[in-house]
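As structure tokens, the structure follows; a few thoughts come after it.
The values are calculated or read from the model by the stated rules, or taken from the named source; none is laboratory data. This is a predicted model, so every value here is computed, not measured. Methodologically, a virtual Cβ is constructed for each residue, glycine included, from the backbone with ideal geometry; neighbour enumeration extends over all protein chains shown. Areas reflect the complete protein model, heavy atoms only, side chains present, ligands, DNA and RNA absent. Shrake-Rupley method; radii C 1.70, N 1.55, O 1.52, S 1.80 Å.
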Amino acid sequence: GISGKVYVRFVINKQGEVVKAEIVKGVHPLLDDEALRVVQNMPNWSPGIQNGEKVNVSMVVPVNFVLK
């Protein structure tokens with residue numbers, strides 16, 4: 001059983017789409033690939049707004065795996 005947290009960095013662009021997803025800290029190639037796949041297939045987010053303008057927002061999300 002492989003387990004651990006994979007940290008994925010990505011950008012929410014002005015249209016709310018997930019772009020530039022990459023692994024910041026990985027655990028195992030299989031888990032890293034799955035975390036990246038899940039993040040890239042997320043539905044659109046609400047874009048960030050600064051001073052009334054839509055802006056790109058950088059995010060880092062931990063994806064926790066507990067396999068038995």
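Structure notes:
- If you go through the stretch 19-33 and keep only what is touching a helix residue (DSSP H, G or I) at 6+ places or on another chain (Cβ under 8 Å), open to solvent by 30 Å² or more (accessible area, probe 1.4 Å) and among the aliphatic types (A, V, I, L, M), you end up with just Ile23.
- Subset of the stretch 16-30 (residues that are of a type outside the set (A, V, I, L, M, F, W, C) and in contact with a Leu (Cβ under 9 Å, 6 or more places away or on another chain)): Glu22
- Pairs, first without any contact (Cβ under 8 Å) to a residue 24 or more places away in the chain in the stretch 1-28, second small (Gly, Ala, Ser) and open to solvent by 50 Å² or more (accessible area, probe 1.4 Å), C-beta under 9 Å, six or more apart: Lys20/Ser58
- Subset tally (residues that are open to solvent by 100 Å² or more (accessible area, probe 1.4 Å) and either of a type in the set (Asp, Glu) or part of a helix (DSSP H, G or I) (or both)) for the stretch 34-68: 3
- Test: residue in the stretch 21-32 that is assigned to a strand (DSSP E or B) and touching a Gly at 6+ places or on another chain (Cβ under 7 Å): no
- Check on Gly26, out of contact with any His (no Cβ under 9 Å at 6 or more places or on another chain) and either of a type in the set (Lys, Arg) or closer than 17 Å to Ile2 by Cα (or both): yes
- Within the stretch 1-17, the set of residues being in contact with a Phe, Trp or Tyr (Cβ under 7 Å, 6 or more places away or on another chain), under 16 Å from Met59 (Cα atoms) and either among the small types (Gly, Ala, Ser) or open to solvent by 30 Å² or more (accessible area, probe 1.4 Å) (or both) comprises just one member, Gly16.
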